[in-house]
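Student: The structure's right below; bear with me while I get my questions together.
Bear in mind that the values in this text are calculations on the coordinates, not laboratory data. Quick caveat, the model's predicted, so the values are computed rather than measured. Note that we place each Cβ from the backbone using ideal geometry, even for glycine, and neighbour counts take in every protein chain shown.
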């Protein structure tokens, strides 16, 4: 059942995100993780005030989220052009080419999982509510968390728990999962994970299934592969003065963003000692926010799920674009 709440997901660091993305040239604003359009609505409203118009291209892999976004954006006036697409964000080039768009003024990616997913038991993302072992952000895709836990080899499960969840008890959990097959629900899996972890370790660090559920969600949705692919695409599409901003929620995401932004901001990579540059490499961007910014205490008190957010941003260097 589609949720119809007017704003089921509270946009994180809304004022700061809006400030950075409104302060860009007139042009297309791309929201790569549109969700319920909380960020997009405010950014478009303020871009109209700044430029007299706004043009939003919104992507989301979840068709339910796109419908919520359409409802949320419906009250924008006719100075805002809105084009929404059901697509994973690493299809950015394909989407922009199909719309005849070359460069963009602003790009937002609000990564991780939204409350509209966690709060719906039928989507299978939460270990606190009984639901199917699903975890697909795009319900049209084939692989589910149930397929992973019920069919993958023990060593493969342990590997993805270590890689995507930094789970130090990955081997114990993988053995317990295989022994308990078939597993049919989120709460059943959470209990298996809980009892696989030593009692002393369960007394600290939050719910013992947190890392396992994160790892499965990332694996089901190919989140890190998609993020690594889209970051250079988004930077390359920026017009001079355009800003790319990322909100990440765990170290795996933030590390990819940090590396991609640092790589785009670096210049010559020739070995030291060469009398002249032979590589011809020039920086594509400058850092706008190099050290990650975090939500303040007021916001995290109001919205505890914002506490993990880390904001980074870069701006396209005018001279870099041919």
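Student: Tell me the relative contact order for segment 1-130 as a rounded percent, counting alpha carbon contacts under 8 Å between residues six or more apart. All intermediate terms of the calculation are to be shown ahead of the outcome.
Tutor: Details: 190 pairs, mean separation 38.4, N = 130.
Relative contact order here is 30 percent.
Student: In a GNM of the chain with a 10 Å cut-off on Cα contacts, which of 259, 312, 302 has the highest mean-square fluctuation?
Tutor: Comparing 259, 312, 302 in a Gaussian network model of the chain, the most mobile one is 302.
Student: What is the distance, in nm, between label points placed 7 Å from the Cα along the Cα-to-Cβ direction at residue 78 and at residue 49?
Tutor: 2.4 nm
Student: What is the fewest-to-most order of 254, 222, 102 by other Cβ atoms lying within 10 Å of their Cβ? Numbers along the way, then the final one.
Tutor: Values: 254 20, 222 15, 102 9.
Result, fewest neighbours first: 102, 222, 254.
Student: Here is a further query. If neighbour count is taken as other Cβ atoms inside 10 Å, put 126, 251, 185 in order from fewest to most.
Tutor: Numbers: 126 20, 251 12, 185 16.
Neighbour counts put them in this order, fewest first: 251, 185, 126.
Student: I want to verify the translational diffusion coefficient of segment 139-220 in µm²/s; compute it with Stokes-Einstein, Rh as the Kirkwood radius over Cα pairs, at 25 °C and 0.890 mPa s.
Tutor: Working: Rh = 12.5 Å.
My calculation gives 196 µm²/s for D.
Student: What value does the chain have for Rg/Rh, both radii from Cα atoms and Rh as Kirkwood defines it? Intermediate values should be presented prior to the final figure.
Tutor: Details: Rg = 21.0 Å, Rh = 20.9 Å.
Ratio of gyration radius to Kirkwood radius for the chain: 1.00.
Student: Over the chain, calculate the relative contact order: mean separation of alpha carbon pairs under 8 Å at least 6 apart, over the residue count, as a percent.
Tutor: Numbers: 564 pairs, mean separation 53.5, N = 322.
This gives 17 percent for the chain.
Student: OK, next. May I ask you to derive the FRET efficiency for residue 67 and residue 277 from their Cβ-Cβ distance with R0 = 45 Å, giving the value to the nearest 0.05? Present the calculation step by step, with values, prior to reporting the outcome.
Tutor: Working: r = 51 Å, r/R0 = 1.14.
Given R0 = 45 Å and the Cβ-Cβ separation, E is 0.30.
Student: In addition: So between residue 153 and residue 23, what do we pick up on full extension, going 0.36 nm a residue minus the alpha carbon distance? Please list the in-between numbers first.
Tutor: Values: separation 130, 0.36 × 130 = 46.80 nm, distance 4.99 nm.
Length difference between fully extended and current span is 41.8 nm.
Student: With the Cα gyration tensor of segment 173-228 in hand, give its eigenvalues times 5 under a square root as the equivalent ellipsoid semi-axes, listed largest first in whole angstrom.
Tutor: On the way: eigenvalues 96, 48, 16 Å².
In descending order the semi-axes read 22, 15, 9 Å.
Student: If you don't mind, another one. Before anything else, pin down the relative contact order of segment 139-220: Cα pairs under 8 Å, at least 6 apart, normalised by residue count, whole percent. Numbers along the way, then the final one.
Tutor: Details: 84 pairs, mean separation 30.6, N = 82.
The normalised contact order for segment 139-220 reaches 37 percent.
Student: Now a separate question. Using Cα springs under 10 Å in a Gaussian network model of the chain, which residue among 280, 146, 165 shows the largest mean-square fluctuation?
Tutor: 280
Student: Of the residues 25, 240, 283, which exhibits the maximal mean-square fluctuation in a Gaussian network model of the chain defined by a 10 Å Cα contact cut-off?
Tutor: Comparing 25, 240, 283 in the GNM, the peak value goes to 283.
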